[in-house]
Amino acid sequence: MNIERLLHMQKQLDQHIEEEHGLENVDLVEKKILALLVEVGELANETRSFKFWSKKSSSSKGVILEEFVDGIHFILSLGLEIGIQEFDLGETNYANEDVTKQFLDVFKAANQFAEERSVGHFQELFRQYVYLGELLGFSHEEVLDAYVKKNEVNYNRQKEGY
């Protein structure tokens, strides 16, 4: 996955949003962390992986991928907030194979990042989230393509006064 390309695209989007809304000198980290947690919750809701009481199936792969990419946007944005300019994803070979457990691991990593905004915690959050995507059946190429498409949608939303 070309993370540098994604970081560059995210930086441009973040700058555009901050300029449009007069937020250039505002600390947005806590808002971005909460937004990420909400997006991860929305993703979990679409997968329905935790809904043991329901027989309804999960949303389509396309819907789930779009929700997943929303989380990528906020994670990258958080990385930019702490000065990440490049990042080697490395291996995401975690032993966990339970999607519900992986959602919990992502929430845990996000909370650890919230407590200590370090490069190490960012990297762990990103890796845990990418691994969640792998468990959901997404290739790195699918994620990259979906990110590029959603980034364009986000720009258009800003132009339309979203």
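The values are calculated or read from the model by the stated rules, or taken from the named source; none is laboratory data. All figures in this text were calculated on a predicted structure; none of them were measured in a lab. Heads up, the Cβs are rebuilt from the backbone with ideal geometry, glycines too, and the neighbour counts pull from every protein chain shown.
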Among the residues that make up region 65-73, is at least one of them farther than 23 Å from Tyr131 by Cβ, touching a residue at least 40 places away in the same chain (Cβ under 8 Å) and part of a helix (DSSP H, G or I)?
no
Considering region 90-105 alone, what residues qualify as being in a loop (DSSP other than H, G, I, E, B) and under 24 Å from Glu46 (Cβ atoms)?
Thr92, Tyr94, Asn96, Glu97, Asp98
Some residue of region 34-49 being in a helix (DSSP H, G or I) and touching a His at 6+ places or on another chain (Cβ under 6 Å)
no
Can you go through Lys56, Lys32, Lys108, Lys101 and tell me which one is in contact with a Phe, Trp or Tyr (Cβ under 8 Å, 6 or more places away or on another chain) and basic (Lys, Arg)?
Lys32
Pairs, first closer than 13 Å to Phe87 by Cα in region 110-127, second modelled with pLDDT under 95 and not in a loop (DSSP other than H, G, I, E, B), C-beta under 9 Å, six or more apart
Phe126/Ile3
Taking Gly79, is it at pLDDT below 95 and more than 17 Å from Lys149 (Cα to Cα)?
no
